[in-house]
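Just below is one structure, and these are the notes that go with it.
The values are calculated or read from the model by the stated rules, or taken from the named source; none is laboratory data. Nothing here was measured: the structure is a model prediction, and the numbers come from that model. Note that we place each Cβ from the backbone using ideal geometry, even for glycine, and neighbour counts take in every protein chain shown. Heavy atoms of the whole protein, side chains included, go into the accessibility calculation; ligands, DNA and RNA do not. Shrake-Rupley method; radii C 1.70, N 1.55, O 1.52, S 1.80 Å.
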Amino acid sequence: MTGASASLKGGKKFLLAPSLLDADLMRLGEEIKRVEGLFDWIHVDVMDGHFVPNLSFGPGLVSSLRRGFPNSFIDVHIMVEPAERFVDMFTGVSPDILTVQVEATKHIHRVLQSIRAAGARPGIAINPGTPVSAIETILHMADLVLVMTVNPGFGAQTFLPEAAAKLKELVRFRVVHSLDYLIEVDGGVNARNASLLVSTGCDVLVAGSAIFKQADPVSAASAIRESASRG
Ligand code: DX5
Ligand code: ZN
């Protein structure tokens with residue numbers, strides 16, 4: 001991997017992206033500061049109560065993160081349908097990456113084009129039931145592919161190994177077609193599976209409950225990093 005997306009990795013073996021979904025929202029800023037230095041990106045999950053059976057954050061949070069953590073890399077994952085209706089709303093608050101679920105739009109090509117035209121990096125997410133073949137024709141347009149390893153909607157679910165099998169396919173496709181998207185895994189990531197995920201070729205690990213639902217988020221994030229660095 002050598003292109004523009006690869007440069008996002010900055011030569012690191014992996015990137016850790018804590019998901020704020022399971023953080024204590026009364027103390028969100030403190031929660032983030034507490035693990036500062038242990039993460040690379042901040043992962044924001046946006047849910048609409050329609051595409052997924054839960055509601056979460058909106059563009060206001062992304063905007064506040066931009067102000068509160070001006071140097072942080074903000075990775076926004078929107079689980080909203082139809083995705084195209086929300087693209088301007090989110091590109092308007094300057095995420096670094098805006099990732100849309102392929103299942104949430106009839107016009108994924110146009111959505112990816114419009115994200116890039118608005119100055120953000122486009123990402124494509126696939127649910128556990130969606131095969132890699134469903135996105136092969138648009139992978140050249142993406143800077144990131146997010147593989148859901150739980151059904152989207154909630155944190156603290158169990159990692160689905162059958163969904164993770166798609167990581168290998170994405171690694172292979174990237175080599176064969178000389179593409180340079182990053183591969184991100186989202187759902188059920190923890191210190192026990194991080195090493196295997198990185199050795200499979202995963203670039204970005206999202207972890208929510210394995211950090212913020214732990215008694216000591218600092219040692220929890222360190223344990224994930226330690227495991228990932230062995231991958
Ligand atoms: C689920 C979200 C995930 C989730 C991860 O729909 O996309 O980012 O918050 O949480 P954990 O790491 O607890 O599975
Ligand atoms: Zn997510």
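So, in segment 48-84, exactly how many residues are outside any loop (DSSP other than H, G, I, E, B) and open to solvent by less than 30 Å² (accessible area, probe 1.4 Å)? Reasoning before the result, please.
Step one: list which residues in segment 48-84 are outside any loop (DSSP other than H, G, I, E, B), which gives 48, 55, 59-68, 73-79, 83-84.
When the remaining residues are screened for being open to solvent by less than 30 Å² (accessible area, probe 1.4 Å), the result is 62, 65, 74-79, 83.
Qualifying residue count for the region: 9.
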**Q.** Residue that is surrounded by the fewest Cβ atoms within 10 Å (Cβ to Cβ), among those in segment 199-222 that are within 12 Å of ligand 1 (Cβ to nearest atom) and without any contact (Cβ under 8 Å) to a residue 40 or more places away in the chain
**A.** 214
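For segment 26-36, enumerate the residues that are within 23 Å of residue 144 (Cβ to Cβ) and open to solvent by 30 Å² or more (accessible area, probe 1.4 Å).
Step one: list which residues in segment 26-36 are within 23 Å of residue 144 (Cβ to Cβ), which gives 32, 35-36.
Matches in segment 26-36: 36 only.
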Q: Could you tell me which residue of segment 160-198 is most open to solvent (accessible area, probe 1.4 Å), considering only residues that are in a loop (DSSP other than H, G, I, E, B) and closer than 14 Å to residue 210 by Cα?
A: 192
Q) Being of a type outside the set (Asp, Glu), under 24 Å from residue 89 (Cα atoms), surrounded by fewer than 20 Cβ atoms within 10 Å (Cβ to Cβ) and at pLDDT 95 or above, is that true of even one residue in segment 4-25? A) yes
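Do we find a residue being crowded, with 22+ Cβ neighbours inside 10 Å and more than 15 Å from the chain's Cα centre (by Cα) anywhere in segment 91-103? Give the derivation first.
Pass one, segment 91-103, residues crowded, with 22+ Cβ neighbours inside 10 Å: 95, 97-101.
Those left that are additionally more than 15 Å from the chain's Cα centre (by Cα): none.
No: segment 91-103 contains no residue that is crowded, with 22+ Cβ neighbours inside 10 Å and more than 15 Å from the chain's Cα centre (by Cα).
Just to be sure, is residue 74 without any contact (Cβ under 8 Å) to a residue 40 or more places away in the chain, touching a helix residue (DSSP H, G or I) at 6+ places or on another chain (Cβ under 6 Å) and more than 27 Å from residue 190 (Cβ to Cβ)? Write out each step before concluding.
Details: without any contact (Cβ under 8 Å) to a residue 40 or more places away in the chain: yes; touching a helix residue (DSSP H, G or I) at 6+ places or on another chain (Cβ under 6 Å): yes; more than 27 Å from residue 190 (Cβ to Cβ): no.
No, not satisfied.
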**Q.** Among the candidates 146, 170, 196, 139, residue that is in contact with a His (Cβ under 9 Å, 6 or more places away or on another chain), more than 16 Å from ligand 2 (Cβ to nearest atom) and in contact (Cβ under 8 Å) with a residue 12 or more places away in the chain
**A.** 139
Q) Of all residues in segment 115-149, which are open to solvent by less than 10 Å² (accessible area, probe 1.4 Å) and assigned to a loop (DSSP other than H, G, I, E, B)? A) 120, 142, 149
Q) Since residue 56 meets every condition but one in (1) away from ligand 2 (no atom under 13 Å from the Cβ); (2) farther than 25 Å from residue 195 by Cβ, which condition does it not meet? A) (1)
Q | Unmet criterion (only one of (1) touching a helix residue (DSSP H, G or I) at 6+ places or on another chain (Cβ under 7 Å); (2) closer than 21 Å to residue 154 by Cα; (3) crowded, with 20+ Cβ neighbours inside 10 Å; (4) not hydroxyl-bearing (Ser, Thr, Tyr)) for residue 87 | A | (2)
Q. Within the set of pairs 6 or more residues apart or between chains, which connect a residue that is of a type in the set (A, V, I, L, M, F, W, C) inside segment 110-127 to a residue that is open to solvent by 10 Å² or more (accessible area, probe 1.4 Å) and away from ligand 1 (no atom under 16 Å from the Cβ) with Cβ atoms less than 6 Å apart?
A. 111/84; 111/105; 112/141; 118/91; 120/91
